[in-house]
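Have a look at the structure below, then the notes.
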Amino acid sequence: MTKVLFEKLEDDPAVQFAHAIERGEAPVGNGRCKGEIALDDALGLLKLAA
């Protein structure tokens, strides 16, 4: 069952996009992903919003 779930996930375009980002590639998407920021920067933004 775990293998079936893994294969289904690997077929998902969102998972494929995320894996490409993690590999440092620049996959073509729908344009909604505007880039990445460091975790520390994201946490800082959360503190500003609170």
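Take the conditions on the phi > 0 side of the Ramachandran plot and not aliphatic (A, V, I, L, M) and apply them to GLY44. Does it pass? Taking the combined requirement at face value, the residue does not satisfy it. The residues in the stretch 9-50 that are assigned to a helix (DSSP H, G or I) and out of contact with any helix residue (DSSP H, G or I) (no Cβ under 9 Å at 6 or more places or on another chain) can be counted, and the count is 19.
The rows are residues; the columns are (1) among the aromatic types (Phe, Trp, Tyr); (2) open to solvent by 90 Å² or more (accessible area, probe 1.4 Å).
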| site | (1), (2) |
| --- | --- |
| LYS8 | no, yes |
| ASP12 | no, no |
| PHE17 | yes, no |
| ILE21 | no, no |
| ASN30 | no, yes |
| LEU46 | no, yes |
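The values are calculated or read from the model by the stated rules, or taken from the named source; none is laboratory data. As the structure is a prediction and not an experimental result, all values here were calculated from the model. Neighbour counts run over all protein chains shown; Cβ positions are idealised from the backbone, glycine included. For the accessible areas, the whole protein counts, side chains as well, though only heavy atoms, and no ligand, DNA or RNA atoms are used. Shrake-Rupley method; radii C 1.70, N 1.55, O 1.52, S 1.80 Å.
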